[in-house]
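A quick write-up on the structure given underneath.
Bear in mind these aren't lab numbers, they're just calculated from the coordinates by the rules spelled out. If you're wondering where the values come from, they're calculated on a predicted model, not measured in any experiment. Quick reminder, even Gly has a Cβ in these numbers, built from the backbone with ideal geometry, and neighbours come from all protein chains shown.
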Amino acid sequence: MLRYLWGGMMLLAVGYGIVTGRAAEVTERLVDSGQNAVIMTLSTMGLMAFWTGMMAIAKEGGLLTRLEEAIQPLLRRLFPSVPPDHPAMTEMAVNLAANFFGLGAAATPAGLRAMEQLETFNPHPGRATKAMCMFLIINMSSVQLMSMNIIAYRAQAGSASPTEIVLPTLLATTCSTVAGVLYARWKEGREQD
């Protein structure tokens, strides 16, 4: 569906440019945008590789285990149906930690493994459980202390203060996560009635 939406918007923009006599400008912008996309992709690839590697080192060094132990009380309250020693708890802790530091690409593998682990004790395979829905909500809203990728993009674009987004990002993501968790709990309560 999205490919049709994006494709339609691009065709509409190109068509509008041609109809208004700005075909040369449209072509120039397409080339410029393509070059910018390649440059941005290559420049952030190193950052992504670095942070993904750091997450692997943290996991091997036991830092993530300590982090999991620290947030275990929160995870137990959020996911009461998941046994505390289940591998899903570890993967969710890794995912939340990576998201907390704004490392979405490093968080994705742990999030996928967490969903796979949550599926192992799903009484209705193929259908999302309450724990899966809650994890998805928390993962999507993801409280972020700092968004490393956005800070890197801002620095590349020449921002005088690329880190000034830290506090607004923290506030916005905290509010979205709290709202998501409250909504999920409200929906769970309504289903039990």
Requested in this report: List the relative contact order of the chain as a percent without decimals, with contacts defined as Cα pairs under 8 Å and 6+ residues apart.
Outcome: 16 percent
**Report entry** Principal-axis tilt of helix 104-119 within the chain, Cα atoms, nearest 10 degrees
**Finding:** 40 degrees
**Report entry** Karplus-derived HN-Hα couplings along the stretch 166-176 (A = 6.51, B = -1.76, C = 1.60, θ = phi - 60°), whole Hz, x at Gly and Pro
**Finding:** 4, 5, x, 5, 4, 5, 5, 6, 5, 4, 5
Query - FRET efficiency for Thr27 and Ser159, using Cβ-Cβ distance with R0 set to 25 Å, rounded to 0.05 - result: 0.25
Report task. Give the distance, in whole Å, between the Cα centre of the stretch 122-193 and the Cα centre of the stretch 1-40. Result -> 31 Å
Query raised in the report: Label points 7 Å out from Cα along the Cβ direction at Leu112 and Leu5: separation in nm?
Result: 2.3 nm
Report summary line: Scalar couplings 3J(HN,Hα) for the stretch 134-144 by Karplus 6.51 cos²θ - 1.76 cosθ + 1.60 (θ = phi - 60°), nearest whole Hz, x for Gly and Pro, are 4, 4, 4, 4, 5, 5, 5, 7, 5, 4, 10
Query raised in the report: Hey, if you put +1 on the Cβ of every Lys and Arg and -1 on every Asp and Glu Cβ in the chain, which of Met54, Gln144, Asn36 ends up farthest toward the positive end of that dipole?
Result: Gln144
Query raised in the report: For Cα Rg over 2.2 N^0.38 Å, the listed values are [x] 1.29; [y] 1.08; [z] 1.00; which was obtained by calculation from the structure presented?
Result: [x]
**Report entry** Relative packing of 43-56, 96-109, which averages over residues the other C-beta atoms within 10 Å, highest first
**Finding:** 96-109, 43-56
**Report entry** Rounded to 10°, Cα long-axis angle of helix 63-78 versus longest principal axis of the chain
**Finding:** 80 degrees
